[in-house]
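All of the numbers you see were taken from the coordinates with simple rules; none came from a lab. This one's a predicted model, so the numbers in the text were calculated from it and none came from an experiment. Don't worry about glycine lacking a Cβ; one is built from the backbone with ideal geometry, like all the others, and counts go over all protein chains shown.
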Amino acid sequence: MARQNTGAGENRGAIRNRGRSGENGERLAQGLGWFSLGLGLAQIAASGEMARLIGVPDDDENRQMMRAVGMREVASGLGILSQPHPEGWVWARVGGDVMDLSLLGGAWASDRTDKERVAAATVAVVGVMALDLLCGRQLTEHDADDASAGRQGVGGRDHARSVEDQRWSGAVHVRKSITINRPPEELYRFWRDFDNLPRFMTHMEEIRKLDDKRSHWKARGVAGFTVEWDAEITEDVPNERIAWASVAGSSVHNAGSVTFKQRPANRGTVVEVEMRVDPPGGAIGAKIAKLFGKEPVQQVADHLRAFKQIVETGHLTRSDTSFALVRHPARPPSKLPEAVEAELRTGTYQGAKS
């Protein structure tokens, strides 16, 4: 009996230790997230000064490299701070540390660098990498314990639902529609041929078919970074609906559908896209992306306008009058000039005047 009590006490002690380890990992992750965000912003805003700080020349190539590393740090920081389970982003930081050490190794071999500063930067990266490894291990072990408890507990089904809810915790929900003067059969065939999608999804670099249902997607992200994922068609109703979802383990978690509904009296087709997208950095990352013209809601609206232009006119016209960082498909103004509206009301409008 005493032996059983001792075993129970040991189990309780182990649970408390795992709990403390998980809490320590979460606190460390928060610290690393803020550190990553601050460092990344400094590397972007003061790339030349940061290059000199680590002992490399302040030239165009090194400033560009420093800004690229800064964008990676910002993405990692946003991912860690916005996700309830940031262990994936912490392990991504470990991969970034390896890349940084490789770059510093190349700098050490150059005769144009300050060897003392390069050595100091290398020591600093090794120290941060040790923290990243410790944090990643603590978070991974803690989540593994939680998953095991969920499988063994009475509420295992509720636990599975909560995990799915957390999976979409930072997702952006998008629903947009447009009317196109083409029959649904034609629009379905055009959309179902994935080779056509980059023609109007202008941020897509590549969509490669893997089999009848699966495909590999590569898209341009914020500041020129690329993101890749595999997707699978989950529903395919000819001439009516196509649904898809990213496969497990994808860097961009997304699911959505496009439907084609013919209007009465053959007056075109309503094309509706509905998506849930969990971009890198979650909702915070989506707000940052909006500054670069890559926010999901705006992208879907632009894609539908581009789709309409291509299938109705055969080509895509872009607007050069936008102040955004990217040009959008051309669209009519939201409000006509007052003189034109007055002529339309009185029936005296005669078109553009030379």
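Descriptive notes on the structure:
- In this simple spin-label model, placing a label point 7 Å from the Cα along the Cα-to-Cβ direction at both Met65 and Glu185 gives a separation of 5.8 nm.
- FRET efficiency estimate (nearest 0.05) - Cβ-Cβ, Leu133 to Asp195, R0 35 angstrom: 0.25
- Per-pair calculated FRET efficiency, R0 = 35 Å: Leu210 and Val126 via Cβ, rounded to 0.05: 0.35
- Entries in Lys261/Lys308; Lys218/Lys308; Lys176/Lys308 that, when Cα-Cα distance is taken, lie over 19 Å: Lys218/Lys308
- Rough spin-label spacing in nm, given labels placed 7 Å along Cα→Cβ, for Ala119 and Glu312: 6.8 nm
- Of interest is the spacing of the C-alpha centroids, which for region 39-111 and region 247-276 amounts to 38 Å.
- Computed extension gain for Val297 through Ala248, at 0.36 nm per residue and net of the alpha carbon distance, reaches 15.3 nm.
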